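Input: a single structure, listed below in structure tokens.
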Number of protein chains: 2
Amino acid sequence: MKLRIGINGYGTIGKRVADAVLKQKDMELIGVTKTKPNFECRIAMENGIDIYASSSDRIKLFEEAGIKVKGSLEDLLKQVDVIIDCTPGGVGASYKPIYEKYGIKAIFQGGEKHDVAGFSFNSYSNYREALGRNFIRVVSCNTTGLCRLLYVMDNAFGIKKARVVLIRRGADPHEDSKGPINSIVTDPVTIPSHHGPDVNKVLKHINITTIAFAVPETLMHVHVLNLELNNTASESEIIKALSNYSRIKILSAKDGIASTSAIIEYARDLGRKRYDIHELIVWKESIKSFGNEVYLSQAVHQEAIVVPENIDAIRAITKTIEDPEISIKTTDESLGIGRW
Amino acid sequence: MKLRIGINGYGTIGKRVADAVLKQKDMELIGVTKTKPNFECRIAMENGIDIYASSSDRIKLFEEAGIKVKGSLEDLLKQVDVIIDCTPGGVGASYKPIYEKYGIKAIFQGGEKHDVAGFSFNSYSNYREALGRNFIRVVSCNTTGLCRLLYVMDNAFGIKKARVVLIRRGADPHEDSKGPINSIVTDPVTIPSHHGPDVNKVLKHINITTIAFAVPETLMHVHVLNLELNNTASESEIIKALSNYSRIKILSAKDGIASTSAIIEYARDLGRKRYDIHELIVWKESIKSFGNEVYLSQAVHQEAIVVPENIDAIRAITKTIEDPEISIKTTDESLGIGRW
């Protein structure tokens, strides 16, 4: 029997998770919710996805716009095993009582506080600890990227200290009212940014400091990592360690990929839908070893990197697959992850 | 008798150095050169500055445009004690034989290689070593910012290791054909960027690694510094140490200055010509101490920070003032540096 999945919110993350759920043989997408009858409803309809209004008093908004809805969020919740909360950051917490009322397992996104779910998730880092829980929070895009990399490097070489500078995209491509348009903005000015403590929700023992800035760019975040390791690691050993993980992709500046826009151009040429990149991208030439001190730079597609983690989270929370490697492999094959 | 100064190139740096020379009581600006009769010639004329064509065969270009020139570069060189080379990066080297032919002391900019002058200059760091030389290279904006900060911190606490990430402005405000417009560009992808080795041309003993990215912004560069110190330094001790130096200005995010655009807005409101900021700006709240490991973030106005260093370089190269403190104080008072 397939897992019956609902998605609360069909925006930046929700529509991508919906596409990914549709590709899973062990899952059935029952429906998605929308607050407003905008163009994304037309996309859902084209994809054959049932739409539910976020609340019953909003159903008429959709009817007036000629969008057929199957009911409200509560109608959706009655039919599903797992709800994936893809509402805007901070909004998910307000839905938790409704999910609890219907006894539904829920997966929240990184925009919620850790305490909303009580458990923060990353597939590589702590899949087994998530098994059978009622609530899981998939950490945000930046934290997902950091957790993937730090987990692998810690496993391979032991991390003594991690120092990270994040150069964040100012806004997503569709956010036409956000900035900055000509500024480098401290985000925040104090140290650490929230990303380091958030990594520690997943990888509790990593000594990490993060500092973040927002810049006028929409495509990807960039992270600059300085790692002090317990053991020495040569550049080729690092490349070998990272290459074992399909969700970390090493690209070379020598191939003309020395910027976020070049990475995205590559994804577009590959024909990836919405140019989504689920993999963490590490620039090969940025990997620099000074024995047990290492530098590297990586890029994170903020809209897409958490999608495979959401799919794995469904299997972990329902305990339908207990081995993380099997879930990760299943997800990766369904989404074409690692095929470059 | 006043020092007779010529400036080869009246562009981004040249026009600012010209303004600064005009404010020095011990200097006389004999003239500036231009390659093309563009709007900057009108600015020079309005400021009462004599214009020379960069070569004699270009004089007619200016005459055709109705710009009166007093002769060519060689005519200018015959009249000056010091020429400040403000030609584009890499071009200055080609003029060196002409300066040598006329036996003129020359000050190059950071766009030239160290070997062109054989000595790289920063007022705080190595003024005395510059005394009486024939050629000096004033290091670039980023290196000037780093040298100021590292010199002060090294003097106060001893630097064991410096790790720096540079978030560079993509282009200057007037560079309307340059990018990036929506990308974060590795600059370069390999480690270190040229800035660390360039700092070592001035501060030879500092163990420093630099990594740089270019972003779609025109106002200022941002540097994120991680410093391992020989001695512990509290945040207040760091603030106190930096406050002793007029060319380092600490601004507070609490005053609404948490981005490069906010810093520039402040300079505009102060009525600074061209909104130029000669000071290195350090964000107060970014200063974070973990005993003998320290983080801080700083901003560099790429068009203006090297101007006071060029003025000091004139006095050092001519040995007219041997005490760096006297030259620095004279320059600072003439330019209003530190008056915030």
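Nothing in this text is a laboratory measurement; each read-out follows from the coordinates by a stated rule. If you're wondering where the values come from, they're calculated on a predicted model, not measured in any experiment. Note: ideal-geometry Cβ built from the backbone for every residue, glycine included; neighbour counts use all protein chains shown.
Here are a few things to note about the model shown:
- Residue-normalised convex hull volume from the C-alpha trace of the range B:293-340: 128 Å³ per residue.
- Per principal axis, descending, Cα span of chain A in whole Å: 62, 45, 39
- Estimated from the Cβ-Cβ distance and a Förster radius of 22 angstrom, the FRET efficiency linking B:Ser243 and B:Asp269 is about 0.50.
- Using θ = phi - 60° in the Karplus curve 6.51 cos²θ - 1.76 cosθ + 1.60, the 3J(HN,Hα) couplings for the range B:129-136 round to 6, 8, 4, x, 5, 8, 10, 9 Hz; x is entered for Gly and Pro.
- Counting only Cβ charges, +1 for Lys and Arg and -1 for Asp and Glu, the dipole size of the range B:13-78 around its Cα centre is about 140 debye.
- Per residue convex hull volume, Cα atoms of the range B:109-166, in Å³: 92
- Dipole check for the protein assembly as shown: with +1 at the C-beta of Lys and Arg, -1 at the C-beta of Asp and Glu, and the Cα centre as origin, the magnitude is about 140 Debye.
- Checking every one of the trypsin sites (Lys or Arg not before Pro) in the range B:1-55 against DSSP loop status and a limit of 10 other Cβ atoms within 10 Å picks out B:Lys25.
- Think of the range B:141-300 as a dipole: +1 on every Lys or Arg Cβ, -1 on every Asp or Glu Cβ, centred on the Cα centre; then among B:Ile281, B:Met220, B:Cys147, B:Cys147 lies furthest on the positive end.
- For the Cα trace of the range A:156-219, dividing Rg by the Kirkwood Rh returns an Rg/Rh value of 1.08.
- Selected from B:Phe290, B:Phe213, B:Phe39 as most flexible by GNM, with chain B as the system and alpha-carbon contacts under 10 Å: B:Phe39
- When only alpha carbons are used to place a centre, the range B:290-340 and the range A:196-219 end up 35 Å from one another.
- Summarising the strand pairing of the range B:141-300, around 65 percent of its internal DSSP beta bridges are antiparallel.
- Shown in residue order for the range B:296-303 are the 3J(HN,Hα) couplings computed by the Karplus curve 6.51 cos²θ - 1.76 cosθ + 1.60 at θ = phi - 60°: 7, 10, 9, 10, 10, 7, 4, 7 Hz (x for Gly and Pro).
- GNM remark for chain A: springs join alpha carbons under 10 Å apart, and the peak mean-square fluctuation among A:Glu237, A:Glu285, A:Glu63 falls on A:Glu63.
- Mean Kyte hydropathy of 0.5 or more with a Cα span along the axis of at least 20 Å, helices from DSSP in chain B: B:141-157
- Charge tally in the Cβ shell below 15 Å around B:Ser236, where Lys, Arg are +1 and Asp, Glu are -1, B:Ser236 excluded: 0
- Charge-dipole axis of the protein assembly as shown as Lys and Arg at +1 and Asp and Glu at -1 on Cβ define it, positive-most pick from B:Ser55, B:Leu242, A:Thr330: B:Leu242
- Backbone HN-Hα couplings from phi across the range A:67-77 [Karplus 6.51/-1.76/1.60, Hz, Gly and Pro as x]: 9, 7, 10, 8, x, 10, 3, 5, 5, 5, 4
- GNM flexibility winner over chain A from A:Thr210, A:Thr33, A:Thr232 (Cα, springs under 10 Å): A:Thr232
- Taking every residue in A:164-171 and counting other chain Cβ atoms within 10 Å of its Cβ, the average works out to 4.
- Compactness of the range B:141-300 as Cα Rg over 2.2 N^0.38 Å, two decimals: 1.03
- Peptide B:329-340 shows a mean partner chain C-beta count of 0 within 10 Å per residue C-beta.
- Distance from the C-alpha centroid of the range B:1-64 to that of the range A:6-40: 64 Å, rounded to the whole angstrom.
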